[in-house]
Structure formats: C-alpha cells, structure tokens
1. Using the basic label-point model (7 angstrom from Cα toward the beta carbon), what is the Gln493 to Ser256 distance in nanometres?
2. To the nearest 0.05, what FRET efficiency results for Asp266 and Asp61 with a Förster distance of 30 Å applied to their C-beta separation?
3. May I ask you to derive the relative contact order of the stretch 435-496, considering only C-alpha pairs under 8 Å and at least 6 residues apart, and to give it as an integer percent?
4. Which translational diffusion coefficient, to the nearest whole µm²/s, is obtained for the stretch 251-373 from the Stokes-Einstein equation, given a Kirkwood hydrodynamic radius over C-alpha pairs, 10 °C and 1.306 mPa s?
5. May I ask for the percentage of alpha-carbon pairs in the stretch 34-122 that lie more than 15 Å from each other?
6. Give the order of Met74, Met157 when sorted by the count of other beta carbons within 10 angstrom, beginning with the fewest.
7. May I ask you to compute the full-extension gain from Leu178 to Leu165, defined as 0.36 nm times their residue separation minus their alpha-carbon distance, rounded to one decimal in nm?
8. So the label point goes 7 Å from the Cα of Asn468 along Cα→C-beta, right? Which residues of the stretch 75-94 then have their backbone N under 19 Å from it?
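Please treat every number below as a calculation from the coordinates, not as lab data. All values derive from a computational prediction rather than experimental measurement. Backbone-built Cβ (ideal geometry, glycine too); neighbour counts: all protein chains shown.
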Amino acid sequence: MKSKHIILYALGLSLAIGGTSCEDYLDINPISDETIDNAYVTGSQLEAALTGVYESFQSSDYYVWDNVLFQDVMADNYYAGGDNPEIFAIDAVEVTPTNSRVFGAWSSIYNAISKANLVLERVPLLQDPTLSEERRAQMLGEAAFLRAYHYYNLVKMWGGVPLVLETVKSADPAAVRLPRATAEAVYTQIIADLEFALDNRLPDTYGSDASVNKARATKGAANALLAHVYAQKPNPDYNKVLQYANAVINSPAGYSLLQDYRHLFDGAHFNNDESIMEVQFLGANEGNWAPQMHLPPSISGDTWRKFVVPSHDLVNAFDSEGDEIRKDASILFESAPWVDEFWGNATNSEIPFAYKWKNAMGWASTDRQYIFRLGDIILLKAEALNELNRPTEAAAEVNTIRARVDLPAVSDATAASQEAMREVILKERRLELAQEAQRWDDLRRYGVAIEVMNSLNEIDLRNGQRVNYNVTQSDLLLPIPQQEINRNPNLEQNPL
C-alpha cells in the first residue's frame, strides 16, 4: 500500500479580515527567534496562532480520517478494509490501550486544545492598538469555540478527561499530571466556552465570502455544537437541543438545504448554503489525503486494497428504504483486484467503496469534511421534538429530509408513536450521515449500541461464520492510551 506522504501544515482558510490574507498572518519570525517575552505580543502574531488552531482540522489524522474509523467503522456502517491490524481491531470493537490510533487521536486533540489555550490567554494581554476591540472579542470567541469542539470529541469518546485550560508553564508533575475530570465537568466547561463565544463575540457571518464564513467559527457553528452537546451529554436536555437547533435553522446566516443531496458531495459545491462549517481542503500541500485511502482503482489510480468498505448492513438499510439517491451519493460498486472477505471472497468481485469523497487527486484532494451541516441539525431537532413527546412535529422535520431524496413521508400511524419515531429518526440519521463520523455517537446516545452490534448478521466468507462482535458496556468508551497512563499515574483507565 502506498504510504501517506503529505503532512499538512497550512490552513487554507482565506481568513479575509479587513482584506488581509492568511499568508499575512503567518508572516512572523521563525519560532527559533521568538521568546516567551516577544512571541504573541502583536495582533498579527496572534492571528497566526489562531490560524494554527484551525489548522488542526487539516493536520490531525483524527479530523482527517480517524473520526470516520471511530464512528462509522467501529459501528455497523463500514468494515475496516485495508490491511491494518489496528483498524481491524476498531472494526471488531476490540480496541486496546496500546492501539496507536487511540494515542494519535488523544494527543492530536489535546495539541489542538493547547493551541486554543494560548490564544485565549494571550489575546487579553495584547497592547497592540492596531487590533480592534471587536476583532479581539471575535478571536476569543473563535478560540473558545475551537477548544469546546475539541473537548467535545474527547469527552464523547473517552468520558471524563483531564481539563487542561491553560498553557503548560511548568514541568512540575503537579502541574502536568492532571487527574480525569468527570464527564459532567467536561460538558460543563464545553457549554461555558460556547456561551462565552456566543456572548457578543462570534458573528453570524464575517461578510459575503462563503469561503470565510464556512471556514471559521460563527454563531451558527456554536449553536450547532450546543445542540449536539445537550443531546450527547450523560443527562440530555432536549429542550436545550431544540433551542439551539432552532437557532441554527432560523439563523440570519440563511442556512438552507440543498435541493439536490448529491451536490453536497460532488466536489463542485463547496461552502454551500447547507454547510455551517467545513474543513477547507484546497489541494496541493493543503489537500485531503483520506480520499485516496477509500476510493476504487478507477478513481484512485492504484490497486492496493482500500479502507472503509461499506457493510452489507448499511447497503441493506439503503435498499430497504428504497433510498437510491443517498445510496448512490455514498457508495460506488466496482470490481476489485483483491480479495474482500465480506464481498465475494475472490479477486475481481464487485464490492462497494466509500464514495462521499469522490476525488483522490494523488493524496491531495480538495474533498471536504463537514464539521456541521443543516441536514444533521434538522434531524437533531426531530430527535428533540420526539424526546419531548411531540412525535408528529418530529415527523414533519424528518419528512423535510426525506422529501429531498424523493422518499415518501412518514406514515400517520408511525408519526403518532414516539417509539416508532425513535427508530425512524435513528435510521434517517444513518442514511443521511453515513461516512460523516456520526453513527457510533448516535447508537450510544439512543442506548442501542450493544444491541445493534450484537445482532448484526455479518458473514466472514473465509469461513462462512457470522462475526461475533460481543460488544459490552466497557466497549462504549475508548481506553485511555497506555502511553498516557504510563506518563501520568493520576489517570484512571476506563473499564476494559
């Protein structure tokens, strides 16, 4: 298999504040020339630091690809594919503390948090008169949003984690070997950061340029994250989910569903009206290497075995609903010059490929990942309405999503039942958001992850045996990386 050979450092946000380019913000002295006293004392230096926080979406394996592994592959949507034993373990829900992808996700997310902490600390200390109070407040709001988003990814995967809310200033073990905070405390901090960001700091838009508005934290993005947070936290508050989902739907930013679902993923409609926030891959050294890992030989131009293979169960879910539009936008069938143990077990068998990213472009694709989009938020609103025992209203929201892909409305009998609507919403989210790193969260939030995984009827064609996932309660959270346990004796491991 061709190895990943691109390391992404530049953000490519086109941060057009006052007509100044992203490159201007990055025009600072080499880090070797900076000291603690002269670094981050000008507006341009801190703009560069803020750009570095956003850059984590491009440079971190977690946000480029591993989020799909820990959401769609760990759940029932995709098989591992490829040839990596650690990804096979994720597929089998047998993740150990020594799995390097667990450590990679943990460390890269904390690295992003440390970048956000620096901005939050340094902006209030700035004496630069060229930085307006409005821009200073926006920078704080952006950094607070980004810290909240990264902590959200930590807490939903690991539960309680250490809360690091300032830059490291000492090597004293008491300062760096923090114990785990409770999950509730982490969620409280996330909410506090987002409320801070919304409090007259984040704008609805930064102007008329969609490539800026969809790249950066806005009120729409903060409200979208709050809707997710209040749904996913251990004690969900669906009144809050409804409040923040409605704030997105009714935003002055004017988000609206694209009429054609396929346009979301065709590579020709970036920063569209449905997008709330997306990673700004631009190609070349700011490209997305993940599509090359997924796409078939006819597109990728190579013949090694690809990763993230759609499961029979996912394909059956599309077929049972007659959902041809979203299936065709998400999955491409093609014969493969390798053996796949779930699809044919012989060379040149026709197998499905993950297809929401459609352009490999030699490891430097411009294909985007959505951080938030409106279709997801509408379905979260439907979930909130249903959990508030308003299933008929929930059905109306679901029907909006189904109508776009030419599916019939939910029946009146189903719309009258809260329990029936739970099943409808969960399936609708699966079909709408496959390969968008949502499925494992959804299964756990609905309390059905163990049941769904253990009832799967996936056959390994090498031996004709049904795969036994044997998922238990201890599998619902990732283990703390062993490297962190070794480094920090104050960390307590999750049940294994």
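1. Roughly 5.5 nm, to one decimal.
2. The pair Asp266/Asp61 has a calculated efficiency of 0.75.
3. RCO, the stretch 435-496: 23 percent.
4. 102
5. 65
6. Met157, Met74
7. 3.6 nm
8. Correct set: 89-94.
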